[in-house]
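Undergrad: Once you've had a glance at the structure underneath, I'll fire off some questions.
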Amino acid sequence: MALAFSLALPATAAASDTSDPGQSANDPWWGRDKALHFGVSGVLAATGYATSSLWFDEAWQRASIGAAFALTLGITKELVDLAGYGQPSYKDMVFNVAGTALGVTLAYLVDLATGTDSESEQTRQQGLRLAPPLVVF
């Protein structure tokens, strides 16, 4: 779905040129930069989710970390643009949020499909039962 969305953007970018003065003419809803915001945010969110699985067992914790990671970087980029190093755009943030949501959702679905949650819980429980008691002399 994300691939189809990204491939459709260049075709609609030319058709979406508006005659509104100001930022709207220079910042169409369907431009290459929006696809980049969407895609990069999705990858960052999924990467944050996957990486956080090394430390967190609960899916909601991993989803929160993945979303926070992607959105923090997206907001930081827009703040840098606002400081005069680019063109700030609320439309970019809309695509950051959409990409983040898709990235976290896909990572969660992969997690669910592979049974990672239940395996980690079972492994932890077995480890607790199999660990010998610590004896200190």
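Undergrad: Considering only segment 34-76, how many residues are farther than 24 Å from Pro88 by Cβ and either assigned to a helix (DSSP H, G or I) or not acidic (Asp, Glu) (or both)?
TA: Residues of segment 34-76 that are farther than 24 Å from Pro88 by Cβ, as a first pass: 46-47, 49-66.
Now restrict to residues that are either assigned to a helix (DSSP H, G or I) or not acidic (Asp, Glu) (or both): 46-47, 49-56, 59-66.
Matching residues across segment 34-76 total 18.
Undergrad: Among what's in segment 1-27 and is out of contact with any Lys or Arg (no Cβ under 8 Å at 6 or more places or on another chain) and within 17 Å of Pro88 (Cα to Cα), pick the residue that is modelled with the highest pLDDT. Show your work before the answer.
TA: Taking segment 1-27 first, the residues out of contact with any Lys or Arg (no Cβ under 8 Å at 6 or more places or on another chain) are 1-8, 11-12, 14-26.
Those still in the list that are within 17 Å of Pro88 (Cα to Cα) too: 21-26.
Working: Pro21: 40, Gly22: 43, Gln23: 53, Ser24: 57, Ala25: 64, Asn26: 83.
Among those residues, the one meeting the criterion is Asn26.
Undergrad: Something else about it: For residues that are buried (at least 20 other Cβ atoms within 10 Å of the Cβ) and either among the aromatic types (Phe, Trp, Tyr) or free of Cβ contacts under 8 Å to residues at least 24 places away in the same chain (or both), scanning just segment 22-47, find the one that is farthest from Ala98 (Cα to Cα). Write out each step before concluding.
TA: At the first step, the residues of segment 22-47 found to be buried (at least 20 other Cβ atoms within 10 Å of the Cβ) are 31, 34-35, 37-38, 41-42, 44-46.
With the extra rule that they be either among the aromatic types (Phe, Trp, Tyr) or free of Cβ contacts under 8 Å to residues at least 24 places away in the same chain (or both), the set shrinks to 31, 38.
Working: Gly31: 15, Phe38: 6 Å.
Filtering first and then ranking leaves Gly31.
Undergrad: Right, here's the next one. Tally the residues that are surrounded by fewer than 16 Cβ atoms within 10 Å (Cβ to Cβ) and on the phi < 0 side of the Ramachandran plot, restricting the search to segment 57-85.
TA: Initially, segment 57-85 is screened for residues surrounded by fewer than 16 Cβ atoms within 10 Å (Cβ to Cβ), giving 57-58, 60-61, 68, 72, 75-76, 79-85.
Next cut, on the phi < 0 side of the Ramachandran plot only: 57-58, 60-61, 68, 72, 75-76, 79-83, 85.
Selection size over segment 57-85: 14.
Undergrad: Now, a different point. Being buried (at least 17 other Cβ atoms within 10 Å of the Cβ), part of a helix (DSSP H, G or I) and at pLDDT below 95: is that true of Asp92 here? Can you show your working first?
TA: Values: buried (at least 17 other Cβ atoms within 10 Å of the Cβ): yes; part of a helix (DSSP H, G or I): yes; at pLDDT below 95: no.
Answer is no for this residue.
Undergrad: While we're looking at this one, here's another question. If you take the residues in segment 106-137 that are buried (at least 16 other Cβ atoms within 10 Å of the Cβ) and not charged (D, E, K, R), which one is modelled with the lowest pLDDT?
TA: Taking segment 106-137 as the starting set, the residues that turn out to be buried (at least 16 other Cβ atoms within 10 Å of the Cβ) are 106-108, 111, 116-117.
Subsequent filtering for residues that are not charged (D, E, K, R) retains 106-108, 116.
Numbers: Leu106: 97, Ala107: 97, Tyr108: 96, Thr116: 63.
Only one residue fits best here, namely Thr116.
The values are calculated or read from the model by the stated rules, or taken from the named source; none is laboratory data. The model shown is predicted, which means the values in this text are computed figures rather than measured ones. Every residue, glycine as well, gets a Cβ built from its backbone with ideal geometry; the counts of neighbours run over all protein chains shown.
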